[in-house]
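Below is one structure, written out as structure tokens; comments come after it.
The values are calculated or read from the model by the stated rules, or taken from the named source; none is laboratory data. Note that the structure is a prediction, hence the values are computed from the model and not measured. Cβ atoms come from the backbone with ideal geometry, glycine included; neighbour counts cover every protein chain shown.
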């Protein structure tokens with residue numbers, strides 16, 4: 001159980017978004033309070049002011065329009081990543097395909113901690129894309145930190 005900092009109600013951890021930057025790995029606001037804030041005009045005004053500051057400094061324009069090498073550097077880094085992680089990318093693509101056609105079913109519970117919610121497909125070995133552990137984001141990051 002965790003208390004929302006905005007509405008002050010106690011709710012289960014599944015009612016809070018995962019946030020790896022927080023101490024307990026969950027947001028301090030519940031999902032419903034977060035949704036209300038996302039839809040609010042206060043947030044939209046903040047975003048307008050933020051983007052206005054970026055436009056005035058010209059950082060975005062310089063990065064994308066005035067630098068012809070920027071796009072090429074992005075393409076080069078993407079190619080380099082693909083060469084380095086070819087089997088990983090193919091396994092992830094194959095997993096998405098198998099889920100889409102219905103050969104594999106994405107469960108709504110983590111296999112490790114049994115927490116309900118969105119789960120990620122973890123490949124212990126990328127050479128076998130059908131061999132997948134379904135883990136919540138928290139357990140998935142723990143699994144990768146073991147290596």
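Answer yes or no as to whether residue 78 is over 29 Å from residue 15 (Cβ atoms) and surrounded by fewer than 11 Cβ atoms within 10 Å (Cβ to Cβ). Yes: the conditions hold for residue 78. The set of residues in the range 104-146 being under 19 Å from residue 26 (Cβ atoms) and assigned to a strand (DSSP E or B) consists of 109, 116, 120, 135.
Selection of the range 111-127 for residues being without any contact (Cβ under 8 Å) to a residue 24 or more places away in the chain and surrounded by fewer than 15 Cβ atoms within 10 Å (Cβ to Cβ) yields 114, 118, 124, 125. If you scan the range 1-44, which residues turn out to be closer than 19 Å to residue 110 by Cβ, in a strand (DSSP E or B) and touching a residue at least 24 places away in the same chain (Cβ under 8 Å)? Result: 2, 18, 26.
In the condition set (1) surrounded by 13 or more Cβ atoms within 10 Å (Cβ to Cβ); (2) under 28 Å from residue 9 (Cα atoms); (3) at pLDDT 90 or above, residue 133 is compliant with all but (2).
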